[in-house]
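Heads up: the structure comes next, in structure tokens.
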């Protein structure tokens, strides 16, 4: 079996698992600072839901998974809110990048990214796939 | 706030955020290494430190401080190991590291795992001395 990889591109994958109760405790402890981690749209989408902690946890997992796929941690000047996890019209999750993360991704040849989310009441899981040019710009 | 008070505050923040007993956290404990803190824990720790000390250190600032303002290309080699100039800087922010033993063998992405409670307290002290910009 041979791995298929386009000659001009590199495929990168990142995964992350987050314990929902850890995010729940974090949110309860720092209710007034959640906008450091999640964007207004992310917070609004989960607000008032019984499953708010799952909503926030799986989005945090997606942010982590993207950074892993890009091969960086939260680097100098980057913010968690530089990575936004939204839903398209059909409810499918999509990634929107801004700030230093978007700049870093562009500088390292990122052409596209896709994300898949899953969670139970206790575990949140995200997979991110990044397509990047073999030769960074 | 004195350096000792800052260190005590950082110990308290780490202990509470990670749900550990006081005797499990020492100034020499590595936060993400030995104590097992993950990203969400590190955020929790930084928020608690701010509440206890009044000094705000953001996660991205932490990376910038540890990396000494260098670009990734300056800080790491083509093999993603910390470069010579990167190691020289690390000696100033993580003085406990045996730099000579880490030449060409410290993956850049693993640097954060060497950050100790005392290192973080030093960073907080230095940020406290500089007005937020």
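Here are the numbers for this structure:
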read-out	value
Helix B:117-128 vs. chain B, principal-axis angle (Cα, 0 to 90°, nearest 10)	80
Protection proxy ranking of B:40-50, A:53-63 - average other beta-carbon atoms within 10 Å, highest first	A:53-63, B:40-50
All-pairs alpha carbon distance profile, chain A, 5 Å steps from 0, percent	2, 10, 19, 23, 19, 13, 7, 4, 2, 1, 0
Average Cα contact separation per residue, chain A, under 8 Å, 6 or more apart, as relative contact order %	36
Global geometry of the protein assembly as shown, whether rounded, prolate or oblate, following the gyration tensor of its Cα atoms and the 1.5 cut on a/c	oblate
Within a Gaussian network of chain A (alpha carbon springs, distance under 10 Å), most fluctuating of A:33, A:22, A:100	A:33
Angle between chain A longest axis and helix A:52-70 axis [Cα atoms, degrees, rounded to 10]	20
Residue mean of other protein chain beta carbons inside 10 Å, B:19-30	0
Most fluctuating residue given options A:102, A:65, A:44, as computed from a GNM of chain A linking Cα atoms under 10 Å	A:44
The stretch B:3-128 shape via C-alpha gyration tensor axes, a/c threshold 1.5	prolate
Between helix A:20-29 and chain A: long-axis angle, C-alpha atoms, 0 to 90°, nearest 10	60
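Every read-out reported here was derived from the displayed coordinates using simple, explicitly stated rules and does not represent laboratory data. Being a predicted model, the structure only gives us computed values, none of them experimental. Note: ideal-geometry Cβ built from the backbone for every residue, glycine included; neighbour counts use all protein chains shown.
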